[in-house]
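One structure below.
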Amino acid sequence: MSQEEEQFVLMKAIQLMLQKSYEDDTCSGPIMNVGSFPHDFGYGDEFDADATSSQSSENKPCIHLMGLRRSGKSSIAKVVFHKMSPNETLFLESTNKIVKDDISNSSFVRFQIWDFPGQVNFFDAAFDAESIFKGCGALIFVIDAQDDYTTALECLHDTVARAYKINPGIKFEVFIHKVDGLSDDQKIETQRDVHQRANDNLIDDGLENVQLSFYLTSIYDHSIFEAFSKVVQKLIPQLSALENLLNIFISNSGIEKAFLFDVVSKIYIATDSSPVDMLSYELCCDMIDVVIDISCIYGAEEDIDASTFDSQSSSLIKLNNATVLYLKEVNRCLALVCILRENSFERQGLIDYNFHIFQQAIHQVFDLRNKPTNPGPTTTTSVERPQVNGIPEKPNSGQQT
Ligand SMILES: Nc1nc2c(ncn2[C@@H]2O[C@H](COP(=O)(O)OP(=O)(O)OP(=O)(O)O)[C@@H](O)[C@H]2O)c(=O)[nH]1
């Protein structure tokens, strides 16, 4: 099944769901009714789940990290995907060959990161630009904002021009990096300046069709995770289907904002279509850290290789501003983190039920293969979960924080 066909089937499914949701007027209020989110979407034989999954695993997109020496490329890869603390990056040695890192920690976030040595010499015989850029999904060019970036802009231009000629499908992403050293005014001014000069260079070269996206990033805060989330999302063909599912879920559950997280990297692979507020994102990231830390400390069993984030993982944190953070495991690697008002949480049963349907929808649409999770005892005290609409739920959640 080609990507277009797959997208078509997915969109058809979403249309079906939405249609049913609005058609069924027996269900008033915020209930995401059974009809609106059927377990069987009625794809029949049209939905070739195997084709979908095999395609995504074979065509692992590749993200290239490029930029001048010491601009921060390896630090970004280490902090985001290897849990290195930002301070440790001070001791990273310079990269002198392409380092390929296979990110396979999630069913969705499966790609390779290629960390290039600073300032690639395209004329070097060892640099096979053709094959390197052919397989590239996104090219992240890192610019050190604390340094004079004139040379970096020239290098960005050469890189983009070369890559675009070989593969016009590449997404070009510019990380204006190390902005922790800049004031708010300087950040805005630097972004404006880089944006202007980079685009002017492209126009001068007749490459006005090339789209560059710019992000202000630092490994010392959540900005690098946010930027990486957006880059990864562009490589997920099913993103709009996910957004639609999240929109339906939150509007039927009285939830203000929901993020679908890749737990290990804290990249959010989708969110509903309301704007992302950085503070909300940071809160959700912190919640994931808390859950993982508690799970690792108290949830590890004798088999220390077994994942402590499992189908029984969930967490609830009530803040002192009448806001609730609610985390639920979607699969081995994905978690849904929701932000809602405390009074909306009074209907937890409804939210849990809707979540259950949402989870099934994701599994069906993307054919996530749930590896058997360890059913053993996990970290926490259990809380009684009411049955909703008489529908038996999974056994009650484990890791309540
Ligand atoms: N202040 C600040 N320093 C950073 C940031 N990211 C990376 N650095 C520092 O920048 C220096 C260079 O980082 P690297 O990750 O080795 O840079 P690189 O681009 O991989 O360098 P090469 O391998 O030589 O191409 C290190 O001392 C990092 O600690 C950041 O966001 N803020």
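The values are calculated or read from the model by the stated rules, or taken from the named source; none is laboratory data. What you see is a predicted model, and the numbers here were worked out from it, not measured in a lab. Cβ placement follows ideal geometry from the backbone for every residue including glycine, while neighbour counts extend to all protein chains displayed. In case anyone asks, the SASA skips ligands and DNA or RNA and just uses the protein heavy atoms, side chains included. Shrake-Rupley method; radii C 1.70, N 1.55, O 1.52, S 1.80 Å.
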For labels at Leu316 and Asn96 in the simple 7 Å Cα→Cβ model, what's the distance in nm?
-> 5.7 nm
Under the rule rounded for a/c under 1.5, else prolate if a/b exceeds b/c, else oblate, using alpha carbon gyration tensor axes a ≥ b ≥ c, segment 224-281 is classed as oblate
Nearest-10 value in Å² for the accessible area of Ile292, using the 1.4 Å probe | 50 Å²
Which entries in the list Lys234/Lys318; Lys165/Lys187; Lys97/Lys134 go over 26 Å, if you measure between the two C-alpha atoms of each?
-> Lys234/Lys318; Lys165/Lys187
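Given R₀ = 25 Å, FRET efficiency for Gln186-Asp277 by Cβ-Cβ distance, to 0.05?
0.65
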Could you give the accessible area per residue of segment 190-236, probe 1.4 Å, as a whole number in Å²?
-> 45 Å²
Give the Debye-formula value of log10 I(q)/I(0) at each listed q (0.21 Å⁻¹), with one equal scatterer per alpha carbon of segment 124-203, two decimals each.
-> -0.97
Give the Cα extents of segment 215-254 along the principal axes, in whole Å, largest first.
-> 36, 25, 10
Karplus couplings for segment 161-172 from phi (6.51 cos²θ - 1.76 cosθ + 1.60, θ = phi - 60°), rounded to Hz, Gly and Pro as x?
-> 4, 5, 5, 5, 5, 7, 9, x, x, 5, 8, 9
Just add up the charged neighbours of Ser74: K/R +1, D/E -1, any other residue whose Cβ is under 14 Å from the Cβ of Ser74.
-> +2
Cα-based Rg/(2.2 N^0.38 Å) for segment 142-250, rounded to two decimals, is 1.21
In terms of solvent-accessible area of protein heavy atoms at a 1.4 angstrom probe, what is the ranking of Met84, Met278, Met287, highest value first?
-> Met278, Met84, Met287
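Heavy atoms only, probe 1.4 Å: what % of the accessible area of segment 193-243 goes to carbon and sulfur, would you let me know?
After summing per-atom areas, the C and S share lands at 44 percent.
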Along the Cα-to-Cβ line of Lys230, 7 Å from the Cα, sits a label point; which residues in segment 142-180 have backbone N less than 14 Å from it?
-> 172-177
By how many nm would the segment from Asn87 to His195 lengthen if fully extended, with 0.36 nm per residue of separation less the alpha-carbon distance?
-> 36.0 nm
Long-range share for segment 190-286, i.e. C-alpha pairs more than 24 Å apart as a percent of all pairs, stands at 36 percent
